[in-house]
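Here the structure is laid out as C-alpha cells; the discussion comes afterwards.
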Amino acid sequence: MNTIVYHPDYYRIIERVSNGWLFKKGELFHTTLPFAVDMSDFELLYGISKQQVAVELRKINGGKAGYYLAELRNKKYYYCGTEPVGVKSKLLDLGIGREDPTIVIN
C-alpha cells in the first residue's frame, strides 16, 4: 500500500528494517532555491550525516523496526510506529499538513 505524505524538505522519513535504515526518497515539488541542490546531501544542507541521523534514531526507540521522522534543521527525531500512516499522524501532531489535503480552506 502506498501512502502519500507531503512534508517540508527538512523533514525526512526513515524506515528501520532488519538489516539497516532506509532513508525514503521523496520528490521535491517546489523550491525557492535559485539553483539545483542534491536534496539527499544531508551534510551540505543540514550539517549532519546519515550515519549521525541513524545514531540519533537508535537513541529514541532502541532501533526498533518501524518508521521514524527526522527534523534535520533542529535535530529532532520521532518514532512513528510500524505503519506508514503513523508518519502522517506525527506530522499532523507537529502542525504540518491537514487530514485531507484535497479540501481547500478559504
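Observations on the model:
- Pairs linking a residue in region 36-48 that is within 14 Å of Glu71 (Cα to Cα) to a residue that is aromatic (Phe, Trp, Tyr) and modelled with pLDDT of 75 or more, with Cβ atoms under 6 Å and 6 or more positions apart or on different chains, are Ile48/Phe42.
- Members of region 1-31 that are open to solvent by 100 Å² or more (accessible area, probe 1.4 Å) and modelled with pLDDT under 75: Met1, Asn2, Ile4, Tyr6, Glu27, Phe29, His30
- Residue match in region 44-53 (condition: outside any loop (DSSP other than H, G, I, E, B), modelled with pLDDT under 85 and exposed (fewer than 14 other Cβ atoms within 10 Å of the Cβ)): yes
- The sole residue among Arg73, Arg58 that is part of a loop (DSSP other than H, G, I, E, B) and open to solvent by 30 Å² or more (accessible area, probe 1.4 Å) is Arg73.
- Restricting region 79-89 to residues that are in contact with a strand residue (DSSP E or B) (Cβ under 8 Å, 6 or more places away or on another chain) and open to solvent by 50 Å² or more (accessible area, probe 1.4 Å), the residue that is farthest from Gly20 (Cα to Cα): Ser89
The values are calculated or read from the model by the stated rules, or taken from the named source; none is laboratory data. The structure presented is a predicted model; accordingly, all values stated were derived computationally and were not measured. Every residue, glycine among them, receives a Cβ derived from its backbone with ideal geometry; neighbour counts consider all protein chains shown. The accessibility values were calculated without ligands, DNA or RNA, using every heavy atom of the protein model including side chains. Shrake-Rupley method; radii C 1.70, N 1.55, O 1.52, S 1.80 Å.
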